[in-house]
1. If a residue has to be of a type in the set (D, E), under 14 Å from the mean Cα position of the chain (by Cα) and modelled with pLDDT under 95 to count, how many in the range 49-84 make the cut?
2. Collect the residues in the range 29-53 that are aliphatic (A, V, I, L, M) and buried (at least 16 other Cβ atoms within 10 Å of the Cβ), keeping them in residue-number order.
3. Return the pair list, or none, for Cβ contacts closer than 6 Å from residues in the range 75-96 that are small (G, A, S) and loosely packed, with under 14 Cβ neighbours inside 10 Å to residues that are part of a strand (DSSP E or B) and at pLDDT 95 or above, at least 6 apart or on different chains.
4. Is there any pair with a first residue in the range 58-71 that is free of Cβ contacts under 8 Å to residues at least 40 places away in the same chain and assigned to a helix (DSSP H, G or I) and a second that is of a type in the set (D, E, K, R) and surrounded by 13 or more Cβ atoms within 10 Å (Cβ to Cβ) whose Cβ atoms are under 8 Å apart and which are 6 or more apart or on different chains, and what are they?
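The values are calculated or read from the model by the stated rules, or taken from the named source; none is laboratory data. This is a predicted model, so every value here is computed, not measured. Please note: Cβ atoms are built from the backbone with ideal geometry, for glycine as well, and neighbour counts cover all protein chains shown.
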Amino acid sequence: MAPRDEAGGDGALSAPEAASRALAHAGELISRNPVSVTSVEPTDDGWLVELEVLEDRRIPSSADMLALYELELGVDGELLAYRRTKRYVRGRADSGSGVS
């Protein structure tokens with residue numbers, strides 16, 4: 001999906017609504033709950049939403065395994081695609097490449 005020049009396009013969904021729909025879709029697809037929405041970007045075909053998910057809780061919490069998921073939503077909020085784009089340990093600095 002190419003980024004859209006005008007935020008909101010035809011106004012079918014707002015950014016907060018797209019984020020909410022992405023959270024609901026992720027809850028159905030991934031056996032873990034998303035921790036936060038890290039980005040919401042309008043595209044020509046709808047929205048691109050990135051979520052941070054706690055994949056494995058560890059002690060101490062700085063050793064938790066987190067992942068970033070990217071969800072593509074249509075203009076009406078339907079899920080078009082999703083993928084895990086990065087996996088990492090919470091307490092480590094971002095090196096630019098994820099652990100798969």
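1. The number of residues fulfilling the criteria is 1.
2. Once the filter is applied, which keeps residues that are aliphatic (A, V, I, L, M) and buried (at least 16 other Cβ atoms within 10 Å of the Cβ), the range 29-53 yields I30, V37, V40, L48, V49, L51, V53.
3. Within 6 Å, the pairs are A81/E72.
4. Cβ pairs passing all conditions: S61/R90; S62/R90; A63/R90.
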